[in-house]
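Here the structure is laid out as structure tokens; the discussion comes afterwards.
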Amino acid sequence: MVRFLLNRLLMLVPTFMGVTLASFAFIRLIPGDPVELLVGERGIDPARHAQLLHDLGFDRPLWEQYLGFLGNVLSGDLGKSIVTKQPVLDEFLTLFPATIELSVCALIIALVIGLPAGIVAGVRRGSAFDHSVMTVSLTGYSMPIFWSGLMLIILFSGILQWTPVSGRISALFWVEPVTGFMLIDSLLSDEKGSFASAASHLVLPSIVLATIPLAVIARQTRSAMLEVLSEDYVRTARAKGLSPFRVIGLHALRNALIPVVTVIGLQVGVLLAGAILTETIFSWPGVGKWLVDSIFRRDYPSVQSGLLLIASMVMLVNLFVDLLYGLINPRIRHAR
Amino acid sequence: MVATAEVQHEELAAPAIHPLREFWFYFSENKGAVVGLFTVIAIVVMALSAHVLAPYSPIEQYRDHLLLPPAWQEGGSWAFFLGTDATGRDILSRIIHGSRYSLLVGLIVSTLSLSTGIAIGLIAASFRGVLEAVIMRMMDVILAIPSLLLALVIVAILGPSLENAMVAIAVVYLPHFVRLTRASAILELSKDYVTASRVAGAGRIRLMVVTVLPNCLGPLIVQATLGFSSAILDAAALGFLGMGAQPPTPEWGSMLADAREFILRAWWVVTFPGLAILIAVLAFNLMGDGLRDALDPKLRRS
């Protein structure tokens with residue numbers, strides 16, 4: 001297991017270097033030079049311009065700049081935002097819990113509905129239930145979530161007036177940020193009704209963000225189930241006279257879930273990409289909205305480091321899923 | 001060997017089935033796929049004859065008819081069947097014209113990522129070693145960044161426009177095609193017919209393009225169809241975020257972006273463009289599913 005782990009970690013190194021190189025390159029590919037971006041439209045005389053370029057280190061050879069950047073990144077210095085002058089890492093860490101809260105809720109919705117729906121659809125192949133699961137999930141997979149989010153706002157916030165339109169909690173409440181997760185913080189605080197407010201703000205965005213992972217998980221669980229159910233050992237278990245519940249729950253499900261774990265891991269990238277849209281629609285103060293705003297404000301250090309942080313996160317989750325996969329499926333572990 | 005000979009004999013004896021007819025037989029078994037196919041045909045017809053079908057110009061502003069509701073609702077007019085938007089443009093006409101952009105995006109992105117992906121994948125499979133490792137790690141880097149985010153950053157570098165959005169999306173989809181091409185090309189390269197071709201003196205380019213490539217195309221075509229629908233969806237998302245088609249282009253995603261501020265006042269401005277995106281993407285996905293089933297011999301036999 002240790003060798004397996006080391007092996008996977010080693011494979012991450014070139015990809016991580018690639019991501020740092022890519023985000024380093026991005027900021028230099030952007031039209032206009034960094035000093036002009038910094039000073040804005042006020043204009044600057046050439047001597048001062050050269051001085052600033054020198055101060056920022058942009059007159060050094062590219063390889064030297066890259067090594068410097070890499071050194072900074074590895075020591076945790078991700079630069080400062082041009083707009084707010086705050087360290088990018090601090091901004092990211094303040095906003096990240098909001099994105100995590102939203103993504104975790106979405107993933108829970110996707111799992112709680114998607115797994116059972118996929119299992120039952122697979123077991124009852126060809127039934128009306130199976131057809132509806134397949135139809136609904138393909139529709140969900142094709143859903144422009146930036147549109148379905150707006151439609152839900154029209155229905156639940158506009159016509160029915162059940163849920164608020166945007167934000168994380170009503171402005172009536174002030175909740176001390178302890179964990180950064182509004183649901184937990186509101187429970188810890190003394191303010192009455194703050195938890196209900198936080199929850200009602202969270203419902204629509206999580207449903208919207210859950211749409212695509214839900215569809216993918218339901219479809220993958222169904223096809224994994226179908227594959228496993230045609231195996232010999234399932235037939236043997238049935239022939240032994242085990243109850244259908246035992247056959248499906250104990251024998252089939254265990255093996256069917258192995259590929260599904262990978263699919264769930266892959267949803268992290270989907271969730272982070274979806275968070276960009278969902279957070280924009282619902283004015284959810286998370287990293288997705290922050291990144292989009294940074295792109296619009298031409299705040300390139302934020303974009304560059306945000307990109308690096310999110311890509312590293314995706315890589316780490318993939319590594320974790322790989323390890324989990326090895327753990328629940330001994331065939332993989334021992335093959336290496 | 002005897003068995004294969006018999007099979008061949010039987011096949012010769014039976015009346016030859018045209019491959020297209022055989023394909024249609026398997027494809028039409030999937031009802032959803034057929035519905036998808038006809039919807040796609042309808043969208044293509046709509047796009048090709050948009051100037052005839054659309055009652056108005058998609059960018060003409062009728063200042064006397066701002067935010068007019070659809071015909072069946074109170075205050076609506078049959079002159080503007082799906083109503084008008086905040087600047088008095090006919091929504092139906094904009095949606096009909098919008099189909100052109102969506103089809104164009106799907107077509108160009110699929111072609112671009114398919115052709116580039118095949119080229120890079122074949123190079124990786126042909127020159128194993130360092131070059132291959134560098135290519136594959138580059139693909140890993142692209143895959144590590146969430147697709148929409150990478151597309152956004154690329155558009156930010158190139159400047160927001162529909163053309164640049166297409167380039168960005170094509171880059172994001174590239175790794176899937178490169179990986180598919182490389183994997184199946186490596187598999188094919190170990191087969192006897194390739195060795196035979198090599199012994200017969202085929203050069204590297206001829207070997208890869210003429211001998212190996214045709215045998216890798218099946219899964220690539222399926223991936224390209226599925227990429228078609230994702231491209232429409234992603235381009236609409238970029239348009240929605242203001243980084244795709246620019247106003248007044250009647251692209252469905254950017255129509256939604258314009259409509260956002262009116263959602264609680266004028267539901268029709270938001271509903272119809274989104275519905276158009278959903279129907280188009282769903283149709284291509286249904287068709288792609290059917291195509292995969294019909295082209296995959298493993299699924300077919302069972």
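The values are calculated or read from the model by the stated rules, or taken from the named source; none is laboratory data. Computed from a predicted model, the values in this text were never measured in an experiment. A quick note on method: Cβ atoms are made from the backbone with ideal geometry, for glycine too, and the neighbour counts reach across all protein chains shown. SASA here: full protein model, heavy atoms, side chains in, ligands and nucleic acids out. Shrake-Rupley method; radii C 1.70, N 1.55, O 1.52, S 1.80 Å.
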- For B:Ile221 and A:Lys192, what is the calculated FRET efficiency with R₀ set at 56 Å and r taken between the beta-carbons, to the nearest 0.05? 0.40
- Note on the structure: For chain B, longest principal axis from Cα atoms; helix B:2-13 axis from its Cα atoms; angle between them, nearest 10 degrees, is 50
- Message: Rounding to the nearest 10 and keeping the result within 0 to 90°, find how far the Cα-based axis of helix B:31-48 lies from the longest principal axis of chain B.
- Response: 60
- Test item: A:133-140 mean partner chain Cβ contacts at 10 Å: 2
- Message: Between A:Ile258 and B:Arg204, what is the label-point separation in nm under the 7 Å Cα-to-beta-carbon projection?
- Response: 3.9
- Query: If you count, for every residue in A:145-153, the Cβ atoms of partner chains within 10 Å of its Cβ, what is the mean?
  - Reply: 6
- Item | Difference of contour (0.36 nm per residue) and Cα-Cα distance, A:Leu226 to A:Val83 | 46.1 nm
- Task: Compute the acute angle (0 to 90°) between the alpha-carbon long axis of helix A:62-74 and the principal axis of greatest extent of the alpha-carbon atoms of chain A; round to the nearest 10°.
- Result: 60
- Message: Calculate the FRET efficiency for A:Asp59 and B:Leu67 from the Cβ-Cβ distance with a Förster distance of 51 Å, rounded to the nearest 0.05.
- Response: 0.40
- Could I have the simple spin-label model distance between A:Leu155 and A:Phe245, label points 7 Å from Cα toward Cβ, reported in nm to one decimal? 3.4
- Note on the structure: Subtracting the Cα-Cα distance of B:Ala86 and B:Thr116 from 0.36 nm times their residue separation yields 6.7 nm
- Message: Across the stretch B:36-299, what fraction of all alpha-carbon pairs, as a whole percent, falls in each successive 5 Å bin from zero upward?
- Response: 1, 6, 12, 14, 15, 13, 11, 8, 7, 5, 4, 2, 1, 1, 0, 0
- Message: Could you tell me the calculated FRET efficiency between A:Tyr325 and B:Ser49, based on Cβ-Cβ distance and R0 = 56 angstrom, to the nearest 0.05?
- Response: 0.65
- Item | the stretch A:179-336, Rg to Rh (Cα coordinates; Rh as Kirkwood inverse mean 1/r) | 1.10
- Query: If you take the square roots of the eigenvalues of the alpha-carbon gyration tensor of the stretch A:88-296 and sort them as a ≥ b ≥ c, do you get rounded (a/c under 1.5), prolate (a/b over b/c) or oblate?
  - Reply: prolate
- Keeping all protein chains in position, work out how much accessible area A:Phe173 exposes to a 1.4 Å probe, and write it in Å² to the nearest 10. 40
- Within a 10 angstrom radius of each residue's Cβ in A:293-303, how many Cβ atoms of other chains show up on average? Whole number is fine. 2
- Query: Of chain B, which part is the longest with no GluC sites (Glu not before Pro) in a loop (DSSP not H, G, I, E, B) and with at most 16 other C-beta atoms within 10 angstrom?
  - Reply: B:75-302
- Can you list the lysines whose alpha carbon sits under 27 Å from that of B:Lys31, skipping same-chain ones fewer than 8 residues off? B:Lys298
- What accessible area, in Å² to the nearest ten, does a 1.4 Å probe give for A:Leu67? 100
- Message: How compact is the protein assembly as shown by the rule of thumb for globular proteins, expressed as Cα Rg over 2.2 N^0.38 Å?
- Response: 1.05
- Message: Suppose each label sits 7 Å from its Cα in the direction of the beta carbon; what would the A:Glu176-B:Tyr193 distance come out to in nanometres?
- Response: 7.3
